[in-house]
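These notes are about the structure you will find just below.
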Amino acid sequence: MTTELTPELAATIEAAFAQWDRDNMQPTIDFFEALLVEHPDNPYVLYEVGGAYDTDGQEEKAVGYYEQALPSLTGEIRRKCLLQYGSTLRNLDRFDESLDVFKKACAEFPESDSLRVFKALTLHAADRKDKALATLLLVIADRLETPEIKRYEAAIRGNAEYLANL
C-alpha cells in the first residue's frame, strides 16, 4: 500500500487505459475500484476512480473521488484532476463552485490552455457568455501564432477586455 505513484502503479494504470472503453465503463470502474482496495487512500488511484465514474456519466460519484485526491496531487496529474473536477461541477450545474475551481487552477497553472478553455465552457453554461468569449479570445491571442492573428492581436485583446468588462 502506497500513497505515491510508483512505477509499478503507473504501469498498472496505463494497462487499464489500454482496455478503456467509453461505451462500456463498468470493467474500468471495477478495475480501479479493486485497485483502490489494494491502495486505499492513494490519491492517484482515487483520481482514476473518479475519472472512470465521470466518463461513465456518474458525475455525483466522481466528485467525491476528485475531492479526496486533490489535496495530495501535484504537477500534471493535479492539473488534470482540477480540470476534470471543475468540468464535472459544471455538468452538475454547480457553476459557482466550478468557476472557483477554474480560477484557482488557472492561477496555479497559468500556462494551461485547457484550463482556460474549460473555464470558458463553465462561463458559457453559467450564462456569462461575454466573459466566456473573452476567455477564448485571450487563448487565441496568446497561443495562435499565425500572421493573421498576430496582425490583429491588439484588436483581439481589446475586444476580449471589452467583453470581459460587460
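The values are calculated or read from the model by the stated rules, or taken from the named source; none is laboratory data. Predicted model, so just to flag it, every value in this text is computed and none were measured. So basically every Cβ, Gly included, is an ideal-geometry build from the backbone, and we count neighbours across all protein chains shown.
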*asked:* Can you pull out every residue in the stretch 22-41 that is in contact with a helix residue (DSSP H, G or I) (Cβ under 7 Å, 6 or more places away or on another chain) and either in a loop (DSSP other than H, G, I, E, B) or exposed (fewer than 12 other Cβ atoms within 10 Å of the Cβ) (or both)?
replied: R22, M25, H39
_Neighbours by Cβ (under 7 Å, 6+ apart or cross-chain): first from the stretch 41-62, among the basic types (K, R); second modelled with pLDDT of 95 or more_ = K61/Y53
*Can you tell me which residue within the stretch 11-21, out of those that are part of a helix (DSSP H, G or I) and in contact with a helix residue (DSSP H, G or I) (Cβ under 8 Å, 6 or more places away or on another chain), is farthest from G75 (Cα to Cα)?*
A16
